[in-house]
Each structure stands twice: as C-alpha cells, then as structure tokens.
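Derivation of every value follows stated rules applied to the coordinates shown; laboratory data play no part. Note that the coordinates shown come from a computational prediction; the quantities given were computed from them, not determined experimentally. Ideal geometry is used to build each Cβ from the backbone, glycine not excepted, and the neighbour counts take in all protein chains shown.
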Amino acid sequence: MPGEKNISIREWRDRLESKTSLDGVVTPPHVETNLRHDADASKTGVTAIAGQKFQPTISSELTATLGDITAFAHIGRYYAAKIEAACELALFDSTSKSEHQKASIAKLEEALGHSRAYAAAYTQQYQ
C-alpha cells in the first residue's frame, strides 16, 4: 500500500543479500513474528477466560466468541508459517541452497497443520 513501510519478500531478500539497511521498514519476518505473537496471546487469553469459574456457566455467546478467537489464532499461525516459507523460497531462488528449500517445505507443512487446526476449530463451532 502506498505510504506504508512494509517491504515485499523480494525486496527484503535483496536488501538482506546486499547488506542494505532494513531500518525503518517492516520486513516479512517482522510481520511473521507479530502474527505468531498475537496468535499466542489470543490462545493464552482464551485459556485464561475458559479456565475462570463463571456462575452458573459460560454463556453460549462467550463460548462461540472464544471458539472464534481460537480459530483466528490458527489462521494467524497459518499465515506466519506461509510468510516464513515464502522467505525461505526467496532465499532458495537466489542462492540455490538446499537448506532454504527444505526449510520452505517444512514451513509449508507447518502451515498445512495450522490450516487443518483452523478447519477443525471452525467446523466444531459451525455446522
């Protein structure tokens, strides 16, 4: 988006390889880290709320909201893993180093697991 400080994966890779400063920009690894942090915080919050002793019981609306938060935490982890996979693929494209290719595949497999976890959380809640 014009005016934003986010840089693309290719620009990140090119700056990394040319040792150009990344100060003042939001890199794909920053985005990935933030997504994981927010997903983890969401899951922690859900666990804390669900563990509270509500009287008489947790409402169905709260249960649905907690389920939605859990599902979206899985989506955050899914996108974080996809960003990591794309970064590794970009590095593989420029270096041909097999460790980047293997890391990219591993991150895509991780993303698949998060996608399946999201689908399970979603279908548990929405029939």
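Give, in nm to one decimal, the length gained when the segment between residue 115 and residue 50 is fully stretched (0.36 nm per residue of separation minus the Cα-Cα distance).
21.1 nm
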Report summary line: Of the candidates 71, 37, 92, the farthest towards the positive dipole end of region 27-125 (Lys/Arg Cβ +1, Asp/Glu Cβ -1, centred on the Cα centre) is 71
Requested in this report: Could you state the angle between the C-alpha long axis of helix 28-50 and the longest principal axis of the C-alpha atoms of the chain, as a value from 0 to 90 degrees rounded to the nearest 10?
Outcome: 10
Query raised in the report: Based on the Cβ-Cβ distance of residue 106 and residue 62, what FRET efficiency does E = 1/(1 + (r/R0)^6) give at R0 = 30 Å, to the nearest 0.05?
Result: 0.25
Query - Links that overshoot a 25 Å alpha carbon limit, given the list 5/43; 43/102; 43/97; 19/43; 5/82 - result: 5/43; 43/102; 43/97; 19/43
**Report entry** Crossing angle, helix 60-95 versus the chain [Cα axis fit, 0-90 degrees, rounded to tens]
**Finding:** 10
Requested in this report: May I ask for the Rg/Rh ratio of the chain, computed from Cα atoms with Rh as the Kirkwood radius, given to two decimals?
Outcome: 1.11
Query raised in the report: Which order results if 32, 61 are arranged by neighbouring Cβ count within 10 Å, fewest first?
Result: 61, 32
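For residue 22 and residue 123, what does the FRET efficiency come to when R0 = 30 Å and r is the distance between their Cβ atoms, rounded to the nearest 0.05? Mind showing how you got there, number by number?
Values: r = 40 Å, r/R0 = 1.34.
Efficiency, from the Cβ-Cβ distance: 0.15.
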Query raised in the report: For 105, 9, what ranking results if the residue with the fewest other Cβ atoms within 10 Å of its Cβ goes first?
Result: 105, 9
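With a 10 Å radius around each residue's Cβ, average the other Cβ atoms per peptide and rank 106-114, 41-49, highest first. Spell out each step's value before the answer.
Details: 106-114: 16.0, 41-49: 13.8.
Highest-to-lowest ranking by the protection proxy: 106-114, 41-49.
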**Report entry** Cβ charges +1 (Lys, Arg) and -1 (Asp, Glu), total dipole of region 27-125, debye
**Finding:** 180
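Report the full-extension gain for the segment residue 41 to residue 98: residue separation times 0.36 nm, less the Cα-Cα distance, to one decimal in nm.
On the way: separation 57, 0.36 × 57 = 20.52 nm, distance 3.37 nm.
Length gained, residue 41 through residue 98: 17.1 nm.
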Query raised in the report: To the nearest 500 deg cm²/dmol, what mean residue ellipticity at 222 nm is calculated for the chain from DSSP H runs of n ≥ 4 alone, each contributing -39,500 (n - 2.57), summed and divided by the residues?
Result: -26500 deg cm²/dmol
